[in-house]
Amino acid sequence: VPEGYLSPSPPLGAGAGPAPFPRHGGDLAAAEARFGRPARGWLDLSTGISPFLYPLPAIPPEAWYRLPDTDAELALRAAAAETWSVPDPDCLVSAPGTQSLIGLLPLLRPESAVAVVGPTYDEHESSFARAGHRVEQVAELAKCGDAQVAIVVNPNNPDGRRHDPETLCTAADRLAARGGLLVVDEAFVDLDPDLSVAGSVRPGLLVLRGIGKFFGLAGLRLGFAVAEPRLAALLRQALGPWAASGPALVVGRAALLDRAWAAEVRRRLAVEAGLLDQVLRGAGLAVVGGTDLFRLANAPRAWAIYEHLGRQGVLVRPFAEQPRWLRFGLPPDAAGRARLAEALASAPR
């Protein structure tokens, strides 16, 4: 077990009940409970998941009825290592989504001071807090102080803030010198691969990667941790055998190695994000950040706009702690953009 970690232990109990604001996007059942079922169906813009799905390869029947093959799991890790310039597949851990790793990591460390650079994806903060750590949100990486664990989402969700890889590696080295850890969540880094530190494996650094957002395959539930081999081995031990499903091994490997598809989708997403900007600004909203998978808008009556859009069957993402913010995912096509523009035209100002 690497220094500063505990042996794997059972997960903690469930957290608190539902919050008054949506904690995450994509929950259409909750949206229907709040707004009713729209006659035209939902235009779900509440997530940062790409509307352009990776075309599923043929999945051999045995991937469904046999336990996931260890050779196939290693082939998946080798594909990820090749694509992300990770020096050794042993530095990679495959998991049933990065969320499982976000929940697991706090259980493997002793009680620590944790600094989360935010506002950001709130599961990082809540997972460490539920596990008994002392968690503080800070505005900048430089303000993490004496925290033993620092967490950065790069590029950040929801404002798209970016951190330069050299700065992140320097921060990881500083934390490693005192037995600490920098966690870099790269859920959206496929949009700008030069931002990634996945290939900079070193003590004190753990990188989270997934294929759900960029490849539009959130339901596949496949994510990865990248870490120095001892920490990677500990995470694999804690996850147990067969963490990723057989179909996920097949689809994930094909997607990760398809460089031509990825390059074309990056180009397409950039175009679509620009068209979304036109819709939002045309409706009088200020675009204040985001990535090519989502835009963050500032509006004085953001919550009223959220409610209005929901009644029109257009679901977006509000934020309890930032009442002037709304996050808009990409509409899937021109008809989706037109429907969003129509709903925004009658929204409160």
> Listed residues 300, 229, 247; which is over 18 Å from residue 48 (Cα atoms), open to solvent by 10 Å² or more (accessible area, probe 1.4 Å) and modelled with pLDDT under 95?
Replying inline: 300
>> Against the definition (touching a residue at least 60 places away in the same chain (Cβ under 8 Å), outside any strand (DSSP E or B) and of a type outside the set (Phe, Trp, Tyr)), how does residue 219 come out, yes or no?
In response: no
>> Just checking, does segment 236-243 include any residue being buried (at least 24 other Cβ atoms within 10 Å of the Cβ), modelled with pLDDT of 95 or more, not β-branched (Val, Ile, Thr) and not in a strand (DSSP E or B)?
In response: no
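Hey, can you tell me all the residues within segment 144-154 that are buried (at least 24 other Cβ atoms within 10 Å of the Cβ) and among the polar types (S, T, N, Q)?
Of all residues in segment 144-154, those buried (at least 24 other Cβ atoms within 10 Å of the Cβ) come to 144, 149-154.
Correct list: 154 only.
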> Which of the residues belonging to segment 293-313 are touching a residue at least 60 places away in the same chain (Cβ under 8 Å), closer than 17 Å to residue 47 by Cα and outside any helix (DSSP H, G or I)?
Replying inline: 293, 294, 296, 313
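Taking residue 172 as the residue in question, decide whether it is farther than 28 Å from residue 320 by Cα and either open to solvent by 50 Å² or more (accessible area, probe 1.4 Å) or free of Cβ contacts under 8 Å to residues at least 60 places away in the same chain (or both). Don't jump to the end; show me each part of the working.
Details: farther than 28 Å from residue 320 by Cα: yes; either open to solvent by 50 Å² or more (accessible area, probe 1.4 Å) or free of Cβ contacts under 8 Å to residues at least 60 places away in the same chain (or both): yes.
Judged against the criteria, residue 172 is a match.
Being part of a loop (DSSP other than H, G, I, E, B) and crowded, with 18+ Cβ neighbours inside 10 Å narrows it down to one residue among 179, 199, 212; which is it?
Selected residue: 212, the only one of 179, 199, 212 that is part of a loop (DSSP other than H, G, I, E, B) and crowded, with 18+ Cβ neighbours inside 10 Å.
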>> Please go through segment 114-143 and give me each residue that is in contact with a strand residue (DSSP E or B) (Cβ under 9 Å, 6 or more places away or on another chain), open to solvent by 20 Å² or more (accessible area, probe 1.4 Å) and farther than 27 Å from residue 236 by Cβ, ordered by number.
In response: 119, 134, 136, 137, 139, 140, 141, 143
> Name the pairs: first residue in segment 121-133 and closer than 19 Å to residue 47 by Cβ, second residue among the β-branched types (Val, Ile, Thr) and open to solvent by less than 50 Å² (accessible area, probe 1.4 Å), Cβ to Cβ under 8 Å, at least 6 apart or on different chains?
Replying inline: 121/153; 123/102; 124/102; 124/116; 124/151; 124/153; 124/183
>> Given the criteria of a type in the set (Gly, Ala, Ser) and either free of Cβ contacts under 8 Å to residues at least 12 places away in the same chain or touching a Ser or Thr at 6+ places or on another chain (Cβ under 8 Å) (or both), does residue 290 qualify?
In response: no
> If you check residue 263 against the conditions, is it at negative phi and either of a type in the set (Ser, Thr, Tyr) or surrounded by fewer than 17 Cβ atoms within 10 Å (Cβ to Cβ) (or both)?
Replying inline: yes
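The values are calculated or read from the model by the stated rules, or taken from the named source; none is laboratory data. The structure displayed is predicted, hence computed values, not measured ones. Here Cβ is always computed from backbone atoms with ideal geometry, including for glycine, and neighbour counts include all displayed protein chains. Please note that ligands, DNA and RNA were not included when accessible areas were found on the heavy atoms of the full protein model with its side chains. Shrake-Rupley method; radii C 1.70, N 1.55, O 1.52, S 1.80 Å.
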